[in-house]
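Here's the structure we're looking at; comments come further down.
The values are calculated or read from the model by the stated rules, or taken from the named source; none is laboratory data. Quantities reported herein were computed from a predicted structural model and do not represent experimental measurements. Note that each Cβ is placed from the backbone with ideal geometry, even for glycine, and that neighbours are counted across all protein chains shown. Ligands, DNA and RNA are excluded from the accessible area calculation, which covers all protein heavy atoms including side chains. Shrake-Rupley method; radii C 1.70, N 1.55, O 1.52, S 1.80 Å.
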Amino acid sequence: QVQLVESGGGLVQAGGSLRLSCVASGIGVSINAISWYRQAPGKQRELVAPITSGGSTSYANSVKGRFTISRDNAKNTVYLQMNSLKPEDTAVYYCRTPYGVGFYWGRGTQVTVSS
C-alpha cells in the first residue's frame, strides 16, 4: 500500500525557513516522481516543485530561488527546503506521486507565515 506522510510544517515569521519532509512507503522515491503542492485558503491547489525519478527538478515562479526540493533515497524521503518565507506562502503543503492511472496524496502539513 502506498503512503505519503508529510511533516515539518509550523508557524514561522516572514523571512524564516522551514524544511518539509515527505516520507514514502510502498514506493521508492528514487524511481517515482514526487511533487510538492500547496493549497492556500480559498485557492486552488498549485504545484510548487516536482522531482523526477531521474532527479530533475523545477519550481513554480513564485518560489524559484527560495525553495529547494531534494530527496534522500536511503530514507525514502523527499524534502522541501523553504527559505525567505513570505506570508503568501501560507498554505497546506502536500506531496503527491503518480501510481497506476491515478495519484496518491499525503494528508498535508500546515505552513503559516506571519508578517
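Round to a whole number: what % of the accessible area of region 41-115 belongs to carbon and sulfur, probe 1.4 Å? C and S fraction of accessible area: 48 percent.
In the context of the full set of protein chains, residues of the chain present 53 Å² of accessible surface per residue (probe radius 1.4 Å, heavy atoms only). Taking 7 Å steps out from each Cα toward its Cβ at TYR99 and SER30 produces label points 2.0 nm apart.
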